[in-house]
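The values are calculated or read from the model by the stated rules, or taken from the named source; none is laboratory data. Predicted model only: the values in this text are computed from it and were never measured. Cβ atoms come from the backbone with ideal geometry, glycine included; neighbour counts cover every protein chain shown. Ligands, DNA and RNA are excluded from the accessible area calculation, which covers all protein heavy atoms including side chains. Shrake-Rupley method; radii C 1.70, N 1.55, O 1.52, S 1.80 Å.
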Amino acid sequence: MTLTNAYVQVYGQLPEIFQRISEAAAPEKFTTQHLKDWGYTSSNFRAVIPILKALGFLSADGTPTTRYHDYRGAHPRQVMAEAIKEAYGDLFTIKAKPTTADRDLIEGKFKSSHNASPNTAKLMAATFFALLDLADMNAKPPVPAEAKVVPQETPAPKEAEEVLPKVHGRPSLHYNIQIHLPATKDIEVFNAIFKSLKEHLLD
């Protein structure tokens with residue numbers, strides 16, 4: 001597990017900074033100059049960059065990562081939750097759903113893990129809770145694209161001639177014909193009937 005030691009003194013302005021990240025275009029490199037361009041000229045804001053790196057928003061050289069871009073998408077609170085679970089994993093081993101009521105417990109973990117002074121531990125905990133307010137810790141992880149169920153279209157019913165058995169490449173049709181013969185002893189009548197059948201039905 002992990003527990004970052006990055007923190008900021010300006011934790012109260014973290015929501016505003018992440019709102020800027022969500023709304024502004026991603027820079028090629030996220031630097032202190034970028035923060036100054038946003039109006040954060042105090043040297044206290046420099047510590048924001050190590051926080052972004054600890055959360056996986058920036059690479060080691062300050063390049064915005066996929067997570068940075070994902071945060072600018074439709075589900076920023078879900079993205080932040082994933083980032084916090086990675087950067088502060090050790091805290092969740094002592095409390096699955098930490099709240100401000102657990103502040104003393106959280107500060108104690110920072111003290112023991114990083115040998116932090118009481119004041120530094122308070123700032124670390126305050127930074128953590130400020131980020132926690134920006135996250136939806138109950139959100140389910142996104143379903144990978146390959147795991148999504150793609151609805152299949154119901155095939156259209158086949159034409160009648162396609163479902164009939166075929167003989168020599170042509171449909172085979174079967175007829176059941178009933179003939180009611182007249183009550184007569186004249187053989188020529190019967191000959192005429194069967195001759196007509198042959199000419200009109202059997203050819």
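Pick from Leu131, Leu105: which is more than 12 Å from Asn5 (Cα to Cα), open to solvent by 40 Å² or more (accessible area, probe 1.4 Å) and assigned to a helix (DSSP H, G or I)?
Among Leu131, Leu105, only Leu105 is more than 12 Å from Asn5 (Cα to Cα), open to solvent by 40 Å² or more (accessible area, probe 1.4 Å) and assigned to a helix (DSSP H, G or I).
Give me the residue from segment 62-72 that is open to solvent by less than 40 Å² (accessible area, probe 1.4 Å) and out of contact with any Gly (no Cβ under 7 Å at 6 or more places or on another chain) and, out of that set, nearest to Asn5 (Cα to Cα).
Gly62
Would it be correct to say that Leu14 is more than 19 Å from Thr120 (Cβ to Cβ) and open to solvent by less than 70 Å² (accessible area, probe 1.4 Å)?
no
Taking the options Ala81, Ala26, name whichever one is touching a Phe, Trp or Tyr at 6+ places or on another chain (Cβ under 7 Å), small (Gly, Ala, Ser), in contact (Cβ under 8 Å) with a residue 40 or more places away in the chain and more than 16 Å from Leu123 (Cα to Cα).
Ala26
Which numbered condition in (1) part of a helix (DSSP H, G or I); (2) farther than 18 Å from Tyr11 by Cα is the only one that Ile21 fails?
(2)
State which residue is most open to solvent (accessible area, probe 1.4 Å) when the search covers only segment 34-54 and only residues that are over 17 Å from Ala24 (Cβ atoms) and of a type outside the set (Ser, Thr, Tyr).
Arg46
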